[in-house]
Amino acid sequence: MISDGVPRSPTVYPPAKGRMWAMMAGSLVFVALGVVFLAVHSSVKMTVAGVLAVPFFGFCSVIIARRLLRNRPELVLDDAGLEHVHLGRFAWDEIAAVRIRDQRVRGASHWFIELVLHDPDAYLARAPRLVRGAASMNARVGFGPANMAVNTLPVPPAAVLDAMRRHCPGLVVQG
């Protein structure tokens with residue numbers, strides 16, 4: 001939006017480094033536990049847990065390390081749209097609405113900002129491979145394909161929604 005004839009400067013959210021370092025430490029702990037399970041292999045369950053834990057949490061560690069080293073903004077909002085480090089670029093006119101969503105897993109809440117898209121299929125055609133792979137899992141739990149985890153943002157989700165509304169005053173925010 002242009003205010004008094006001057007475009008607004010972008011709102012830039014860097015990654016929440018403290019939380020990302022904590023996620024990295026947690027991933028490495030699970031890799032180590034997986035290695036221990038494989039070394040001890042006292043039961044089939046432990047061996048299977050090790051076989052699953054090492055590659056999965058190893059992959060998570062690599063992804064987090066790359067993000068920490070790149071030091072790219074997590075989210076950039078501007079008058080034309082938004083760009084998320086994983087989801088890519090969206091023009092405001094592609095977004096029908098936004099909403100804060102809560103996914104409960106084993107009693108723990110995981111918060112997301114969901115972008116409700118006018119044409120999800122068009123987005124999925126250009127989305128990064130990892131997003132396309134997660135889209136079917138998201139659909140099974142009632143989410144659309146474009147969800148931003150808020151645990152890597154340095155501000156609460158309500159602050160992000162307020163900034164989105166500053167850049168796009170007509171943006172629909174659902175419940």
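The values are calculated or read from the model by the stated rules, or taken from the named source; none is laboratory data. No experiment lies behind these values; they were computed from the predicted model shown. We place every Cβ from the backbone using ideal geometry, glycine too, and count neighbours over all the protein chains shown. Only protein heavy atoms, including side chains, enter the accessible area calculation; ligands, DNA and RNA are left aside. Shrake-Rupley method; radii C 1.70, N 1.55, O 1.52, S 1.80 Å.
Against the conditions (1) open to solvent by 80 Å² or more (accessible area, probe 1.4 Å); (2) under 18 Å from Pro156 (Cα atoms); (3) small (Gly, Ala, Ser), Ala125 satisfies every one except (2).
Residues in the range 97-106: is at least one open to solvent by less than 70 Å² (accessible area, probe 1.4 Å) and over 30 Å from Gly175 (Cα atoms)? No.
Could you list all residues from the range 7-31 that are farther than 20 Å from His167 by Cβ and out of contact with any helix residue (DSSP H, G or I) (no Cβ under 9 Å at 6 or more places or on another chain)? Of everything in the range 7-31, those that are farther than 20 Å from His167 by Cβ and out of contact with any helix residue (DSSP H, G or I) (no Cβ under 9 Å at 6 or more places or on another chain) turn out to be Gly18, Ala22, Ala25. Applying the set (1) over 16 Å from the mean Cα position of the chain (by Cα); (2) within 14 Å of Cys168 (Cβ to Cβ) to Ala125 leaves exactly one unmet item: (2). Would you pick out the residues in the range 144-162 that are surrounded by fewer than 17 Cβ atoms within 10 Å (Cβ to Cβ) and in contact (Cβ under 8 Å) with a residue 40 or more places away in the chain? Hits for the range 144-162 are Asn151, Pro154, Val155, Ala158, Leu161. Checking each residue in the range 101-143 for being outside any helix (DSSP H, G or I), free of Cβ contacts under 8 Å to residues at least 40 places away in the same chain, among the aliphatic types (A, V, I, L, M) and within 20 Å of Leu75 (Cβ to Cβ) picks out Leu115, Leu117.
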